[in-house]
Structure formats: structure tokens, C-alpha cells
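Just so it is clear, none of the values below were taken in a lab; they were calculated from the coordinates. Not measured: the values here are computed from a predicted model. For neighbour counting, all protein chains shown are included, and Cβ atoms are generated from backbone atoms with ideal geometry for every residue, glycine included.
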Amino acid sequence: MSAGLQAAVPVIAIDGPSASGKGTVAARVAAALGFHYLDSGALYRLTALAARRAAVALPQLEDDAARRQQIETALAEVAATLDVRLDGEHVWLAGEAVDAALRDERTSREASQVAALGPVRAALLERQRAFRQAPGLVTDGRDMGTVVFTDAVLKVFLTATAEERAQRRHKQLMEKGLSVKLEDLLRDIRERDARDASRAHAPLVQDAAAGLLDTTGLTADEAVAEVLRRYALCALPACK
């Protein structure tokens, strides 16, 4: 698809903090509209997982500038050469289904570290934009509306209180048979929020054109219905 035709494809960009429910909402909105769906966070989790499997270190506080640059360059190379396939239901890395590995807490923590690195974000930028295909795209992440798809027809900043998000994550993990302390999850979510908001490259912020959607106390059905309502009211080229 040419750049001009691709730019005409509508994009719904849903940004928000960790465990806000944006992935569930975005996937269901995409299904309702018959649009493609991109979980941008999966690409950062894949980069973190691929780096671990290739024994590529993550940056540490004690690293000097030269060491940090070396690590960032290596991680950017991992991101640029990911052998990945997203088929809507499963994620494949080098031909292996890695759905479970992508969702564990270690990978999530490491992905948050990887996502803070400018070279990694640059390496994945065009890869994300390539998902913009007819008839449309719904995407979720931290910088979908602010950096990747700045011309999205609808931008939503979806959030919930940290306590609500920790409760949701706790329920998900318990349903999978994993025992995790709620207070540990709450602390982790608050740390990720601070890291995402303060990073130098593409920090998590609400775009000026993004409408706030606080899902605290809302069901997934209610949140999906609200995004669909906003999209129905949208008039190109932009709306809130």
C-alpha cells in the first residue's frame, strides 16, 4: 500500500498505563469494527524476551555511558530483527508460540525497561506503522496517539486507579493459578507508572486531542461501548 493510501486508513489509538484494560478494549473494538488490531506492547515484550534468550543484557544503574550505549545498540538490533508473527490470537517468536511467556511478570518488567530506550523505540516505529492497513486499525500502547499515529481519527486515553488496576491484574493471575500478593502488584504498577511517565523517550502522557476514559468501576463491555460511541460520532480528520 502506498504511503498516501495508508495515511487514509482510519486509526483508533488507545493509550494508557499498565493494566488499565486498554488491550482488552482495543481488541474488542477492532473485532466489532472489523479492523486490524495492534498490541504495541507485545513488540516490546517480544524484544525483552528475545534479548533474554539471546543473553543480551539490560542496562543497569551502575553502567557507565559507554556500556549503556553498547547495550542499547544491542537491544535495538534485537528489536529490528525480531522474527515475529502476530495472528490475532497467538504471538510467535522464531516460529514458537510465546503467549504465556509474554504475559509473565518478569517479561512485563523487562519490557518496561526496554521500552524506555530511544534506540529500541526507533527500531520498532516503522514496524508498528506497517500495521496500518485497510479497512482500519485499532492500536493500544503508551505513545500510539502522541508518536506513532499522530493523525489517528480517534484518540482515547484509557485509565483507572492504581488500586483498580492491581485488583484486575491480581484476578487475572489468580485465574491462571498463579499466586501473587496484591500489594506487590500495586507497588509494581506504581513503579511502572512512574517509569513510563518520566522516561526521556515517548513518555506516557495524555495527548491534547485524546479524550479521557476512566474505566474505574466500568465493565469491559461498558468501556468498549463508549469507545465505539465516540468513534461513531467522529468526523474525519480528527475528533476527541
Stretch E175-E96 to full length: gain in nm at 0.36 nm per residue minus the Cα-Cα span?
26.0 nm
Highest first, please rank the peptides 29-38, 77-86, 145-154 by the mean number of other Cβ atoms sitting within 10 Å of their residues.
145-154, 29-38, 77-86
GNM flexibility winner over the chain from L124, L93, L102 (Cα, springs under 10 Å):
L93
By a straight-distance test (C-alpha under 16 Å), which aspartates and glutamates pair with K155 as possible cross-link partners, with residues fewer than eight away in the same chain excluded?
D15, D39, D140, D143, D207, D214, E226
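So for the chain, averaging the separation of alpha carbon pairs under 8 Å that are six or more residues apart and normalising by length, what relative contact order in percent results? Could you put the intermediate results ahead of the total?
Values: 377 pairs, mean separation 78.0, N = 240.
Computed value for the chain: 32 percent relative contact order.
Given the Cα-Cα distance of A32 and L182 and 0.36 nm per residue of separation, how much length would full extension add, in nm? Don't jump to the answer; show the numbers that get you there.
On the way: separation 150, 0.36 × 150 = 54.00 nm, distance 3.30 nm.
Working it through step by step, the gained length comes to 50.7 nm.
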So what is log10(I(q)/I(0)) for region 164-223 at q = 0.21 1/Å, when the Debye sum runs over its Cα atoms only?
-1.00
Quick check: pseudo-label points 7 Å beyond the Cα along Cα→Cβ at R127 and A57, how many nm apart are they?
2.3
Cα gyration tensor category, rounded, prolate or oblate, for region 112-240 with a/c compared to 1.5
oblate
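Could you work out [θ]222 nm for the chain from helices alone, using -39500 (n - 2.57) per DSSP H run of at least four and dividing by all its residues? Round to the nearest 500 deg cm²/dmol.
Working: 10 runs with 119 residues, N = 240.
My calculation for the chain gives -15500 deg cm²/dmol from helical runs alone.
Pull out the extension gain between T161 and A74, defined as 0.36 nm times the separation in residues minus the alpha carbon to alpha carbon distance; nm, one decimal. Kindly include the intermediate steps, with their values, before the conclusion.
Details: separation 87, 0.36 × 87 = 31.32 nm, distance 3.57 nm.
That pair, T161 and A74, stretches by 27.7 nm at full extension.
Which percentage, to the nearest 5, of the DSSP beta bridges contained in region 3-233 is antiparallel?
Working: 5 of 22 bridges.
Counting only bridges with both partners in region 3-233, antiparallel ones make up about 25 percent.
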Where the centre of each part is set by its Cα atoms, how far does region 83-143 sit from region 18-61, in angstrom?
4
